[in-house]
1. Once percent of Cα pairs over 31 Å apart is worked out from the coordinates, which option in (i) 34; (ii) 27; (iii) 42 does it equal?
2. Please rank LEU184, LEU200, LEU223, fewest neighbouring Cβ atoms within 10 Å first, as an exposure proxy.
3. If the chain between SER70 and GLU214 were fully stretched, how many nm would it gain, using 0.36 nm times the residue separation less the Cα-Cα distance?
4. What is the gain in length, in nm to one decimal, between ALA61 and VAL84 on full extension, counting 0.36 nm per residue of separation less the C-alpha to C-alpha distance?
5. GNM on the chain, C-alpha springs below 10 Å: top fluctuator among CYS89, CYS206, CYS164?
6. Where both residues lie in the chain, what percent of DSSP beta bridges are antiparallel, nearest 5?
7. Would you mind counting up the charge near VAL189? Only other residues with Cβ under 12 Å from its Cβ, with Lys and Arg at +1 and Asp and Glu at -1.
8. To the nearest 20 debye, what is the magnitude of the charge dipole of segment 91-152 about its Cα centre, counting +1 on the Cβ of each Lys and Arg and -1 on the Cβ of each Asp and Glu?
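Every read-out reported here was derived from the displayed coordinates using simple, explicitly stated rules and does not represent laboratory data. On a predicted model such as this, the values are computed, not experimentally measured, just so you know. With ideal geometry, Cβ positions are generated from the backbone for all residues, glycine too; neighbour counts draw on all protein chains shown.
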Amino acid sequence: MGMGFPFVWANGQILSREEFDRSFGAVRSASLGVFETFLWTRGGVKRFERHLARLQRGVLALGGAPFSWSVAETLAALLRRNGVAEAVCRFEVQREGSFAFLRPRPGPPSGQVSVCIASTPLGDPGLTGNHKTNRRESYDRALGEAREQGDFEALLLNREGSVCEGSRSSLFVATENGVVTPGLECGVVAGVVREWVLGLPQAPSCVRALAPEELFGAREVILTNAVRGVLGVSGLRHGDRWRTGLPGFEGPVARAWAERWNRLPLSTPPGRLEVSSNPGLGVPPEPA
């Protein structure tokens, strides 16, 4: 993520971008860490508690030490120092420290939302599977490939050839038999909006592996993430094969989810984020 605004937070200090690069740039680039990205607007974040829960799980899963972080103070100070009231925020935790970055909120996608299935599959997730880590080389390559072709997003295949997720989004496919999303066992990140969708009264009817062919016969292809919410896909590309005419934002499932997401209340940050040796915040079970 580009740092965007000129000031960042690092281990309790607010630094200019240049100061941060000198003090932490090399260490941050080389170290394994976990992070959360979310939209701060009107004094809060949708499902903030679930972002923090996922961050806690990731820190402990990767062997991080317990720590205490004043989330409210950090956000308030960083927003104030950058002179903004709304921003996309990234909290990052590594063995070497904790960092926070801000960038401007993106505008809505211009035109239709097209996606490609990337030519390079995900690597072996290993220990980092289902956690949102900064080891994102496969995702970055896939997104670069999509942008070169003029696509908004790239979908990645796992080593078994199943479609997993987007480079920065979770994937849902509406078929004539219901809505399907890849399961965590496929190697996907446990997305915060994905988790919310799975808890809806009319949740996806099936959590399972998805073959690329199924997307070409889908009624709707839907992406979700915490910055943009719910996005309906209008076009799909896999190599030389194209699928046009998908309903995009006008699809009934995408539209219903987007309306519900947009009505969600905002959560305010806790005074402190405590990561102990046993936070008791597990990944909610997947539907059968």
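1. Answer label, from the structure shown: (ii).
2. Details: LEU184 15, LEU200 12, LEU223 24.
Sorted ascending by nearby Cβ count, the order is LEU200, LEU184, LEU223.
3. On the way: separation 144, 0.36 × 144 = 51.84 nm, distance 4.51 nm.
47.3 nm is the gain from fully extending SER70 to GLU214.
4. Working: separation 23, 0.36 × 23 = 8.28 nm, distance 3.38 nm.
4.9 nm is the gain from fully extending ALA61 to VAL84.
5. Highest fluctuation of the listed residues: CYS206.
6. Details: 46 of 55 bridges.
So the antiparallel bridges in the chain amount to around 85 percent.
7. Numbers: positive: ARG54, ARG57, LYS132, ARG135, ARG136, ARG168, ARG194; negative: GLU36, GLU165, GLU195.
Summing Lys/Arg as +1 and Asp/Glu as -1 gives +4.
8. Details: 8 positive and 8 negative charges, 50 e Å.
Dipole about the Cα centre, nearest 20: 240 debye.
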